[in-house]
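Working notes, beginning with the structure itself.
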Amino acid sequence: MIRHFLADDDLSPAEQAAVLDLAARMKTDRFAYRPLDGPRSVAVLFDKHSLRTRISFDVGIAELGGHPLVVDAQATHFGRGETLADAGRVLSRYVAAIVLRTHGDDRIAEVAQGATVPVVNALTDGYHPCQLLADLLTVRERCGGTAGRTLAYVGDAANNMAHSYLLAGATAGMHVRVAGPADFQPDPDVVARAEKIASATGGSVRALVDPVEAVRGADVVATDTWTSMGQEGDGRDRITPFLPYQVNEALLAHAAPTAIVLHCLPAHRGEEITDEALDGPCSAVFDQAENRLHAQKALLTFLLEASIPDPAASPA
Ligand code: CP
Ligand code: NVA
């Protein structure tokens with residue numbers, strides 16, 4: 001069965017833990033793992049801008065012994081005329097996996113519907129699941145584990161990062177609190193999915209308005225831009241309602257004394273996070289950025305292995 005990674009809850013808790021274990025081993029022995037030797041090619045397509053995702057996939061696929069094909073989707077026929085399912089079907093004839101950053105989740109779902117190789121979400125409007133694998137690897141490193149730790153995400157609680165924190169954090173057995181203005185709350189369907197996962201992992205999820213309530217005693221304080229890609233012209237005030245949610249020293253004073261700060265980057269210094277918080281002793285942000293590389297290498301390895309047909313299951 002082809003395994004895709006379209007949203008954080010496409011990995012079970014055991015699978016997520018296995019990917020993070022492998023990522024840690026790959027980080028320790030960076031050039032020892034070459035499952036794409038051959039080389040096998042991976043297409044990495046972008047409908048939106050990127051620095052970290054683009055470079056970390058390019059480098060990571062090369063380090064796995066593979067051949068990365070990093071493409072600006074706008075320069076192709078992708079989604080222009082032919083259906084996205086047909087594009088997924090064609091790309092599957094060339095490459096071992098398809099990594100895609102795009103707009104609506106319906107777009108990546110359509111690619112996956114046509115694809116016969118794993119499809120990986122490199123950020124959509126709804127989720128940023130590769131980022132969360134890097135974040136959880138960072139939490140493991142800095143906090144000694146994920147289960148039972150409290151993670152507070154403050155800012156735009158309706159965006160892709162908020163949704164991924166809810167789902168991936170619950171999968172990792174964390175207590176996840178997301179806080180944002182009343183008009184910027186998470187999708188109730190995502191909250192319901194995260195609650196169901198948390199009930200099995202011993203974690204919990206809460207969607208809040210009060211940033212101090214979210215951050216109180218937290219082991220991890222995370223934030224993200226107040227204006228995600230594609231929202232620049234949506235006519236909503238994306239500054240004033242968010243001011244109480246800025247990650248700064250006053251807000252961090254409510255967190256656990258050992259709390260770490262996460263931000264997926266790019267950061268808008270002076271908006272969602274201050275220089276002091278981003279550059280201070282609590283910040284794990286640049287380890288978090290590095291961990292994209294290790295986490296994605298592990299994810300690709302896992303998906304390709306998990307997608308190999310089981311001969312025992314084939315008809316005679
Ligand atoms: N965090 C992240 O996805 O960064 P890029 O947009 O630069 O890829
Ligand atoms: N929420 C942000 C994340 C950027 C990595 C965006 O979608 O633009």
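What follows is calculated from the coordinates using simple rules that are stated; it is not laboratory data. It should be emphasised that the depicted structure is a prediction, and the values quoted were computed from it without experimental measurement. Methodologically, a virtual Cβ is constructed for each residue, glycine included, from the backbone with ideal geometry; neighbour enumeration extends over all protein chains shown.
What does the extension gain come out to for Thr240 and Ala32, with contour length at 0.36 nm per residue minus their alpha carbon separation?
Here the answer is 70.0 nm.
Using amide H atoms built 1.01 Å from N in the peptide plane, name the residues 5+ places from Val44, or on other chains, whose amide H lies under 5 Å from its own.
Correct list: Leu69, Val70, Val71, Val99.
Alpha carbon centre of the stretch 117-144 versus the stretch 30-62: separation in Å?
One Cα centre to the other: 15 Å.
What is the sum of charges around Gly180, taking Lys and Arg as +1, Asp and Glu as -1, for the other residues whose C-beta is under 13 Å from the C-beta of Gly180?
Cβ neighbours under 13 Å give a net charge of -3.
Output the peptides 58-67, 132-141, 296-305 sorted from most to least packed, where packing is the average of other Cβ atoms within 10 Å over each peptide's residues.
With the highest mean Cβ count within 10 Å placed first, the list reads 132-141, 296-305, 58-67.
If you place +1 on the Cβ of every Lys and Arg, -1 on the Cβ of every Asp and Glu, and leave all else neutral, what size is the dipole of the chain about its Cα centre, to the nearest 20 Debye?
Computed charge dipole of the chain: roughly 780 debye.
Could the peptides 39-47, 151-159, 9-17 be put in order, highest first, of the mean number of other beta-carbon atoms found within 10 Å of their residues?
151-159, 39-47, 9-17
Let me spell out the model: positive unit charges on the Cβ of Lys and Arg, negative unit charges on the Cβ of Asp and Glu, origin at the Cα centre of the stretch 131-289. What dipole size does that give, in debye rounded to 20?
The dipole of the stretch 131-289 has a size of about 600 debye.
Using the C-alpha gyration tensor of the chain, what are the square roots of 5 times its eigenvalues, in whole angstrom, with the largest one first?
Working through the eigenvalues yields semi-axes of 32, 22, 18 Å.
If contacts are Cα pairs under 8 angstrom and at least 6 residues apart, what is the relative contact order of the chain in percent?
Averaging sequence separation for qualifying contacts and normalising by length gives 20 percent for the chain.
Classify the stretch 116-208 as rounded, prolate or oblate from the Cα gyration tensor: take a ≥ b ≥ c as the square roots of its eigenvalues, call it rounded if a/c is under 1.5, otherwise prolate when a/b beats b/c and oblate if not.
Taking the square roots of the gyration eigenvalues as a ≥ b ≥ c, the stretch 116-208 is rounded.
Would you kindly state how much longer the chain becomes between Glu232 and Asp279 on full extension, computed as 0.36 nm times their sequence separation minus their alpha carbon distance, in nm to one decimal?
14.3 nm
Can you compute 3J(HN,Hα) from phi for each residue in the stretch 253-266, using the Karplus curve 6.51 cos²θ - 1.76 cosθ + 1.60 with θ = phi - 60°, rounded to whole Hz and x for Gly and Pro?
Each residue's phi maps through the Karplus curve to give 4, 8, 7, 4, x, 9, 4, 10, 10, 10, 8, 5, 6, x Hz.
Only four residue types carry charge here, +1 at the Cβ of Lys and Arg and -1 at the Cβ of Asp and Glu. Report the dipole size of the stretch 87-185 about the Cα centre in Debye, rounded to the nearest 20.
It works out to roughly 360 debye.
Looking at the square roots a ≥ b ≥ c of the eigenvalues of the Cα gyration tensor of the stretch 131-289, which shape do they give, rounded for a/c under 1.5, prolate if a/b is larger than b/c, or oblate?
Oblate is the answer for the stretch 131-289, as a/c is 1.5 or above yet b/c matches or exceeds a/b.
Percent relative contact order of the stretch 131-289, based on C-alpha pairs within less than 8 angstrom and at least six residues apart?
24 percent.
Just to be sure I understand the rule: take each whole DSSP H helix in the chain, project its Cα atoms onto its long axis, keep it if the span is 27 Å or more and its mean Kyte-Doolittle hydropathy is at least -1.0. Which ones pass?
285-306
Which whole-number percentage describes the relative contact order of the stretch 1-154, with Cα contacts under 8 Å and a sequence gap of 6 or more?
26 percent
Which residues in the stretch 60-78 place their backbone N less than 18 Å from a point set 7 Å from the Cα of His49 along the Cα-to-Cβ direction?
Once the point is set 7 Å along Cα→Cβ of His49, 71-75 turn out to lie under 18 Å by backbone N, inside the stretch 60-78.
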